[in-house]
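Engineer: Sharing a structure below in structure tokens format, with a few things to ask.
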Amino acid sequence: MNAVDKTGNLSRRGFLHVTALAGGGMLLGARFPLDGARGAFAATADAATALNAFIRLTPDGIATIMAQNPEIGQGVKTMLPMLIAEELDIPWSQVRVEQADFDSTKYRGQMAGGSMATPMHYESMRRVGAAARAMLVEAAAKEWKTRPEKCTTEAGAVHFKNKSLSYGELASAAADIEPPNPRTVPLKDAKDFRIIGQEIPGVDNPQIVTGKPLFGIDVTVPGMKYAVFEKCRVHGGRVKSANLDAVKASPGVVDAFVVDSTAQAGSAAPSPSMFQVGLPNGIAIVGDSWWLVNEARSKLEVTWDEGSTASQSTESFDRQAEELSKQAPEQDLRNDGDAAGALASAAKTLEAAYQYPFLAHAPLEPQNTTAHFHDGGLEMWAPIQTPQFARGDLAKALGIPEDQITIHLTRMGGGFGRRLYWDYMLEAALIARQAGVPVKLVWNREDDTRFDYFRPGGYHYLQGGLDEAGNLTAWRDHFVSFGEGRRFAPSAEMMPNEFPQGFVPNFALQASKMPLGIPTGALRAPTSNAISFVVQSFIDELAVEAGKDPLQFRLDLLDSAPAGTRTAFDPGRMKAVLELVRDKSEWGKADLPEGTGQGVAFHFSHRGYFAEVVQATVSKEGELGVDRIWVAGDVGRQLVNPSNALNQVQGAALDGLGQALDQEITFDGGRTNESNFHNFKLLRIDQAPPVEVHWVMSDNQPTGLGEPALPPVPPALCNAIFAVTGKRIRSLPISKHDLIWA
Amino acid sequence: MAIAFTLNGKSTTVDAPPEMPLLWVLRDELDLKGTKFGCGRSFCGACTVHVDGEPERSCRMPVSRAEGKEITTIEGLSEDGAHPVQLAWQEIDVPQCGYCQAGQIMSASALLANNPAPTDGDIDEAMSGNICRCATYNRIRAAIHRAADIAQAPSATSHETATGAGGSEA
């Protein structure tokens, strides 16, 4: 599609130029005819007018706002249009929201990940709305032969003296106005917000509660067949031979074949981004009914080349980590002061070994994609967090140009980072191409559990030193993780400036690595979801050793950064949330019954500051119940949608609780042992305590909320268990520990 | 094999293998996509429908067992999305990803049909078979209480403790 400028010249270059200048999702400077032709601007009564790629106004005054980012349950389909509508100055009741397809020529940053939508788009989306508003005002001013500055807007209309024109009446005229410079278009003062800061329910709620088809798994295409894909249970294994004829004879099966993408031309290119997927290898079964093709899998007899990962297991990882912990670390990640010397001269020292397991993402909607090759291109409907990376990789793997691949973004039944990886899209495309018909690939739950890009496990061998006064003087962490050479496996790394770096004069972070053939990747609050457990638990141990209150010990530690130290985060903001959660939870003051205790932890990630207290009860027989979670958070001066903000924080906290209580993925012979929700246990409602959320509204840029409330929960819970039982939990999940006390 | 049942109030006959789970008959034969596939083993409850008014996991129910029964899916829970549970779910803004919510709503509506004023304990017991991966459990509880209120006094406005949507929540 080409943009058409006011002089009628094709201005694709100009359009791209404007986009680049604006940064972060701007399209102003271009108006897009809805049907791709200039005629769409004609001022006919029923013509919809596109003021820019995000906003379409119809004469009835309804603004249809395109939601550009993929929706995984983080609320972005509601939140980004709220930002546009605010500055457009139109009542939310006159807004309709549509999901945009993936289109890198129109939109920037169409991705769900890293809690990035708010920091990336908080201002740019408002500028989209403000620019459209300015065009409407100018159109009205022209009509009234006055200056735009004399006009005001309110409730979807432009006003001047006693005159007013609705946005619907102005839509066609506004389309002929030169769009203003998005960088200089004025934005509202926060005190004038009418939509930002309001509790706006999710825009898809009416469809969700009535069961409308919204998700990838709900897509149907005429002539479509269903597919399943059987892979080697050993990660990285490959098909040698299979009884395809017997499978083809099964009821409902129309075809069965080996997919070996590495054998295909053009398929060996590396992935273009920080996210990488392997090339598919396995057996596709295609047929008339998903249930029948899935049933036909039981007829398969396959000889696999299992490959080298068959020698890897959880037990072998545990053993290697133990051995590596006794050797000199391979790599220094950070050295401040002299940790070894300070430990040797400390008044008190502590040593502890911590570990955490691999985890699956387990989004409730199993992986799926519908792929249709037609008219020389590939059209896909996919639940995908990273459509741009996916398309680039698919183009290389399939040997077709990127602009011949269309990706429709479906609502996603959860993401949690799993759908940063597009392995199932690649499978669906290869299967559809080989089958010669449109195909909907759907994984079953066993596929989904076994073939994840897992949160990697890890091992930390810690030493801490305290001086006579109980101040932390030394911290050493030998981190045993996965990877090869200098390179960590995906999401198996650790930031060198991870807390308490900068708050301890003598700090050493060192690493050793084990090779890993099992795919790993980002799980909600990647690295933080594991590191927080280790750091905030060991800090608790040190507080106890120092004879100090664990919360006060943390406040003192946050005060200890030497003047002028540049740390990863602002200790003042963290202290504020810690003090708030202390007060709200009545830390140290609440009269708790025997068997009930509180634990505290904080963590900084995704630009968010979170301190949390968990109150737990442990019976003398060792039965654990979680009574309540208090969360104090600081994500800046403005919550865009407080209803969704609360929902995200409560969900993230309970997600962390589920991980800590009972989740682990283990391997044997290179295979994933867990397969479904009976042995990979998600939190259920009878385990879910009330989560009470409080905010510090600091004067900082608004930042994201999908992730940062999760990491403090596992350590806060383990610290609460210690407070009751005197038992220190140094490995997860908690369900593996005997909590009997008396 | 032809199997006849009542689906959302209408007589329906399907020709399907008798052992095919009702879930797949609903989704792929009858194109009712509201009932969701989550685990295929009745662990998660995403596929919950009503069979003669009782909640059932349709992923493990052979369609042959539907013969002569009255089946209600999320699409048939109300004409227009105005069942008290559907109203409460929107008012409390329960969904995050939304994938499990049809199953949650079917379990919740069955609970309220038998117990018009459930306690938190009743709710936890009746709803523990339905996983919400986004863990919207605080709001699911609040919304069931709210639905109970709506069912008893349809014009009642939301009471403060049930909204679960405030800037803080005690």
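The values are calculated or read from the model by the stated rules, or taken from the named source; none is laboratory data. What you see is a predicted model; the values in this text were computed from it and never measured. All Cβ positions, glycine included, derive from the backbone under ideal geometry; neighbour counts span all protein chains shown. Surface accessibility is based on the protein's heavy atoms, side chains included, excluding ligands, DNA and RNA. Shrake-Rupley method; radii C 1.70, N 1.55, O 1.52, S 1.80 Å.
Engineer: Which distance in nm do the two modelled labels at residue A:155 and residue B:1 give, with both placed 7 Å along the Cα-to-Cβ direction?
Structural biologist: Those two pseudo-labels are separated by 6.4 nm.
Engineer: Give me the net charge of residue A:250's neighbourhood, meaning all other residues with Cβ under 15 Å from the Cβ of residue A:250; Lys, Arg count +1, Asp, Glu -1.
Structural biologist: Computed value for this residue: -3.
Engineer: What residues have an amide H closer than 5 Å to that of residue B:132, excluding those fewer than 5 places away on the same chain, when H is modeled at 1.01 Å from N in the peptide plane?
Structural biologist: Placed amide hydrogens put nothing under 5 Å from residue B:132.
Engineer: Sticking with this one: Roughly speaking, what is the centre-to-centre gap between segment A:666-698 and segment A:221-255 when only Cα atoms are used, to the nearest Å?
Structural biologist: Taking the Cα centre of segment A:221-255 as reference, the centre of segment A:666-698 is 32 Å away.
Engineer: Decide, for segment A:411-510, between rounded, prolate and oblate: order the square roots of the alpha carbon gyration tensor eigenvalues as a ≥ b ≥ c, take rounded if a/c falls under 1.5, and otherwise choose prolate if a/b is larger than b/c, else oblate.
Structural biologist: On the way: a/c = 4.15, a/b = 3.36, b/c = 1.23.
Judged from the Cα gyration tensor, segment A:411-510 comes out prolate (a/c at least 1.5, a/b above b/c).
Engineer: Comparing B:32, B:111, B:22, which has the greatest mean-square fluctuation in the GNM of chain B with Cα pairs linked when under 10 Å apart?
Structural biologist: Per the Cα network of chain B with a 10 Å cutoff, B:32 tops the list.
Engineer: Within 10 Å of each Cβ in A:684-697, how many Cβ atoms from other chains are there, averaged over the peptide?
Structural biologist: 6
Engineer: Right, next: Apply the Karplus curve 6.51 cos²θ - 1.76 cosθ + 1.60, θ = phi - 60°, to the phi angles in segment A:54-66 and return the couplings in whole Hz, x for Gly and Pro.
Structural biologist: 9, 10, 10, 10, 10, x, 7, x, 7, 9, 9, 10, 7
Engineer: For segment A:458-606, build the convex hull from the C-alpha positions and give me its volume per residue in Å³.
Structural biologist: 140 Å³
Engineer: Taking the Cβ-Cβ separation of residue B:79 and residue A:220 as r and a Förster radius of 22 Å, what is the calculated FRET efficiency to the nearest 0.05?
Structural biologist: Result of the calculation: an efficiency of 0.35.
Engineer: If packing is taken as the average number of other Cβ atoms within 10 Å across a peptide's residues, how do A:392-403, A:597-608 rank, most packed first?
Structural biologist: Those peptides, ordered most packed to least, come out A:597-608, A:392-403.
Engineer: Straight-line reach from residue A:575: which lysines have Cα under 24 Å away, leaving out those fewer than 8 places along the same chain?
Structural biologist: A:548, A:584, A:589
Engineer: Rank-order A:424-433, A:230-239, A:441-450, B:114-123 by packing density, defined as the average count of other C-beta atoms within 10 Å over each peptide's residues, highest first. If you can, show how the numbers build up before the last one.
Structural biologist: On the way: A:424-433: 26.8, A:230-239: 20.6, A:441-450: 22.6, B:114-123: 14.1.
The densest-packed peptide leads the list: A:424-433, A:441-450, A:230-239, B:114-123.
Engineer: State the three equivalent ellipsoid semi-axes of the protein assembly as shown, derived from the C-alpha gyration tensor as the square roots of 5 times its eigenvalues, in descending order and whole Å.
Structural biologist: Values: eigenvalues 350, 266, 183 Å².
They are 42, 37, 30 Å, listed from largest to smallest.
Engineer: What FRET efficiency comes out for residue A:326 versus residue A:561 if R0 is 35 angstrom and r is the Cβ-Cβ distance? Round to the nearest 0.05.
Structural biologist: Using R0 = 35 Å, I get an efficiency of 0.60.
Engineer: So what J values fall out for segment A:418-424 if you push phi through Karplus, 6.51 cos²θ - 1.76 cosθ + 1.60 with θ = phi - 60°, rounded to Hz, Gly and Pro as x?
Structural biologist: Once rounded to whole Hz, the list reads 4, 8, 6, 10, 10, 3, 5.
Engineer: Students sometimes get this wrong: rank A:478, A:678 by accessible area, probe 1.4 Å, all chains present, largest first.
Structural biologist: Output order, biggest surface exposure first: A:678, A:478.
Engineer: Quick one: grab Rg to one decimal and Dmax as a whole number for chain B, Cα atoms only, in Å.
Structural biologist: 16.2, 56
Engineer: Can you tell me the mean projection area, over all orientations, of the convex hull of segment A:559-632's alpha carbons? Units nm², please.
Structural biologist: 6.1 nm²
Engineer: Can you give me the solvent accessible area of residue A:621 with a 1.4 Å probe, rounded to the nearest 10 Å²?
Structural biologist: Using a 1.4 Å probe on the heavy atoms, I get roughly 140 Å².
Engineer: Something else about it: Would you mind telling me which residue in B:61, B:106, B:127 has the biggest mean-square fluctuation in a Gaussian network model of chain B, where springs connect alpha carbons within a distance under 10 angstrom?
Structural biologist: Of the options given, B:61 has the highest mean-square fluctuation.
Engineer: Related question: On average, how many beta carbons from a partner chain sit within 10 Å of the beta carbon of a residue in A:361-367?
Structural biologist: Across A:361-367, the average partner-chain Cβ count within 10 Å equals 6.
Engineer: Continuing with this model, one more query. How far is the Cα center of segment A:413-449 from the Cα center of segment B:1-47, in Å?
Structural biologist: Cα centres, segment A:413-449 to segment B:1-47: 23 Å.
Engineer: In terms of modelled amide H atoms, which long-range or inter-chain residues lie less than 5 Å from the amide H of residue A:680?
Structural biologist: Amide H neighbours of residue A:680: A:675.
Engineer: Sticking with this structure for a sec: Ranked by accessible surface with a 1.4 Å probe, highest first, in what order do A:189, A:556 come?
Structural biologist: Result, largest first: A:189, A:556.
Engineer: Which value, in Å² rounded to 10, gives the accessible area of residue A:319 with a 1.4 Å probe and all protein chains present?
Structural biologist: 120 Å²
Engineer: Classify segment A:611-692 as rounded, prolate or oblate from the Cα gyration tensor: take a ≥ b ≥ c as the square roots of its eigenvalues, call it rounded if a/c is under 1.5, otherwise prolate when a/b beats b/c and oblate if not. It would help to have the intermediate numbers written out before the result.
Structural biologist: Numbers: a/c = 2.71, a/b = 1.49, b/c = 1.81.
Taking the square roots of the gyration eigenvalues as a ≥ b ≥ c, segment A:611-692 is oblate.
Engineer: In terms of modelled amide H atoms, which long-range or inter-chain residues lie less than 5 Å from the amide H of residue B:7?
Structural biologist: Answer set, sorted by chain and number: B:12, B:71.
Engineer: Enumerate the calculated ³J(HN,Hα) couplings along segment A:466-476 in order (Karplus 6.51 cos²θ - 1.76 cosθ + 1.60, θ = phi - 60°), each rounded to whole Hz, writing x wherever the residue is Gly or Pro.
Structural biologist: Computed from phi, the couplings for segment A:466-476 are 10, 8, 4, 7, x, 8, 6, 10, 8, 9, 9 Hz.
Engineer: Keeping every protein chain present and rolling a 1.4 Å probe, give me the accessible area per residue for segment B:2-76 in Å².
Structural biologist: Counting only protein heavy atoms, the per-residue value for segment B:2-76 is 38 Å².
Engineer: So, by mean Cβ neighbours within 10 angstrom, what's the order for A:137-145, A:637-645 with the highest one leading?
Structural biologist: The packing order, highest mean first, is A:637-645, A:137-145.
Engineer: Determine the shielding of peptide A:515-522 by partner chains: average, over its residues, the number of Cβ atoms on other chains within 10 angstrom of each Cβ.
Structural biologist: The per-residue average across the peptide is 0.
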